[in-house]
Amino acid sequence: MKIKFLGGAEEVGRLAIKIEDRDSKIMIDYGIEPEKPPEYPLPPEHVNDIFVTHAHLDHTGALPVYYHSFKANLHATAMTANSIKPILNDSLKIMRLENYTKVFNEDDVDNLFKSLVTSKYGESMEVGSLTAIPYTAGHIPGSSMWWFQNSKSFMVTGDLYTKDTNLLSGAKPVKTDILMMESTYAGRDHEDRDEVIQRLKDSIKEVVESGGKVILPTFAIGRTQEMVMILKDMNYTIYVDGMGNSISRIYMETPGFLRDPKLFRRSIGRVIQIRNNRMRKEAIEEADVIITTSGMLDGGPVLGYIDAYAQDSKSAIFLTGYQVQGTNGRSLLENGTIQIAGATIKPAMKIDFFDLSAHAGHSDLVKFIKDVDPETIVLCHGDQREKLQESLPEYNFILPYNGHEFEIN
Ligand SMILES: [Zn+2]
Ligand SMILES: [Zn+2]
């Protein structure tokens, strides 16, 4: 089996793995590094089939670039396919607005969807000598670990979360010879999720009851919806803005992926979804809590809300997702400043961070490896991969680098 990472080996982002085995040539994901402008993986190489683990841009953002030059069947769950549509169209819009080099166009996005083969969790399909089955990865709705059988069995986890959340059930181990696993949190463990949620709710209560507003910058995919569920019992006026609203609609219209669809629908019914600027003005006056994109404060409606409350020391910004180096969110946590329309501002608001990651922590990854008990582990999507290797000296690890082809026999 020949494996080559076109991206995402020693870094968190732009995952793209090419795998050749007997008569099959496949690729897993083809994502971007969501920088300004985005960074792409190595140029596409021809394969017959592409398997997508989940909708996040660091796994899908470069797919239209692939379809600009090549054709291949695209395998994804219905939820992943439906969630990709708005985010790729949004990427096209950003490319236009920011004057980035136009690396793909509307036709490429159309071609991608014309090549789509929808897959279901647990159902096997034959692609030449290859058998493929997606299993839930517990990361966001529709996310898949792809299990394959060819000369050997191998599984690519994509992004992985092994515990149950409000939105999803955690990933379960699947027996396999070769495990290709993400390692975003290698070397780091998360605080107990229930305790973080309690601390977040207590902090929101404190701010709102002292007359302030809480801004919750959230990712559109998965986090917005989980946040709505977390806050469902809090008797406050909650507004939701940004692309998270379209994704919530997709979550309601695509059955079979949420842990408790009825509870999700009820939770969405509790919040006010913002559809226009008039409602945005209303939210600034009326809201106790505003859940809005972007999760790292690099654009989206969130900046308008921060601008509106910046001088109000009773109000707060609570971040809940990983803040990539170089983003406004990271700068807010480290220096208390952000850039809005070219100006640096230092909000007087309270700033706090609550770790609600959708990536398995170090101990969860160790446990997952032991449960799968593979012959070989290929680690990717991490910048501290050796920490996992150190924790499991009895296992055989490969820590590949982008662009270097290697073989497993
Ligand atoms: Zn992800
Ligand atoms: Zn990722």
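Tabulated values for the structure
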quantity: Qualifying positions in the stretch 31-62 - touching a helix residue (DSSP H, G or I) at 6+ places or on another chain (Cβ under 8 Å), among the hydrophobic types (A, V, I, L, M, F, W, C) and away from ligand 2 (no atom under 14 Å from the Cβ); calculated: ILE50
quantity: Matching option when the condition is surrounded by 21 or more Cβ atoms within 10 Å (Cβ to Cβ) and either within 16 Å of ligand 2 (Cβ to nearest atom) or of a type in the set (Val, Ile, Thr) (or both), among VAL378, VAL372, VAL366; calculated: VAL378
quantity: Every residue from the stretch 31-89 that is under 14 Å from ASN111 (Cβ atoms), assigned to a loop (DSSP other than H, G, I, E, B) and among the basic types (Lys, Arg); calculated: LYS71
quantity: Hits in the stretch 342-367 (condition: assigned to a helix (DSSP H, G or I) and out of contact with any Ser or Thr (no Cβ under 6 Å at 6 or more places or on another chain)); calculated: HIS362, SER363, LEU365, LYS367
quantity: Where a residue in the stretch 238-263 is within 13 Å of LYS85 (Cα to Cα) and not assigned by TED's automatic domain parsing to the domain that holds ALA137 and its partner, wherever it lies, is assigned to a helix (DSSP H, G or I) and among the acidic types (Asp, Glu), with Cβ under 8 Å and at least six apart; calculated: MET243/ASP90
quantity: Helices (runs of 4 or more DSSP H) wholly inside the stretch 246-337 containing at least 1 residues that are touching a strand residue (DSSP E or B) at 6+ places or on another chain (Cβ under 8 Å); calculated: 277-286, 302-309, 328-335
quantity: Condition broken by LYS152, with the remaining ones in (1) of a type outside the set (Gly, Ala, Ser); (2) within 16 Å of ligand 1 (Cβ to nearest atom); (3) surrounded by fewer than 24 Cβ atoms within 10 Å (Cβ to Cβ) satisfied; calculated: (2)
quantity: Failed criterion for LYS232 (all others in (1) assigned to a loop (DSSP other than H, G, I, E, B); (2) within 30 Å of ILE17 (Cβ to Cβ) hold); calculated: (2)
quantity: Meets criteria (of a type in the set (A, V, I, L, M), assigned by TED's automatic domain parsing to the domain that holds THR136, within 30 Å of GLY170 (Cβ to Cβ) and crowded, with 21+ Cβ neighbours inside 10 Å) for LEU388; calculated: yes
quantity: Residue count for the stretch 151-190, restricted to those that are more than 16 Å from ligand 2 (Cβ to nearest atom), closer than 20 Å to HIS54 by Cα and β-branched (Val, Ile, Thr); calculated: 2
quantity: Residues (closer than 21 Å to TYR236 by Cβ, under 17 Å from the mean Cα position of the chain (by Cα) and of a type in the set (D, E, K, R)) located in the stretch 282-303; calculated: none
quantity: Pairs where the first residue, in the stretch 48-75, is touching a residue at least 24 places away in the same chain (Cβ under 8 Å) and the second is assigned to a helix (DSSP H, G or I) and acidic (Asp, Glu), C-beta under 8 Å, 6+ apart; calculated: PRO64/ASP108; VAL65/ASP108; TYR67/ASP108; HIS68/ASP108
quantity: Tally, over the stretch 341-363, of residues that are small (Gly, Ala, Ser) and surrounded by 15 or more Cβ atoms within 10 Å (Cβ to Cβ); calculated: 4
quantity: Residue check, THR53 buried (at least 23 other Cβ atoms within 10 Å of the Cβ) and more than 22 Å from ILE398 (Cα to Cα); calculated: no
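So that you can scan it fast, the table gives a plain yes or no per residue for (1) modelled with pLDDT of 95 or more; (2) assigned by TED's automatic domain parsing to the domain that holds THR254; (3) assigned to a loop (DSSP other than H, G, I, E, B):
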residue	(1), (2), (3)
ALA132	yes, no, no
HIS139	yes, no, yes
GLY142	yes, no, yes
TRP146	yes, no, no
LEU160	yes, no, yes
LEU167	yes, no, yes
GLY170	yes, no, yes
ILE197	yes, yes, no
ASP202	yes, yes, no
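The values are calculated or read from the model by the stated rules, or taken from the named source; none is laboratory data. Predicted model only: the values in this text are computed from it and were never measured. Backbone-built Cβ (ideal geometry, glycine too); neighbour counts: all protein chains shown.
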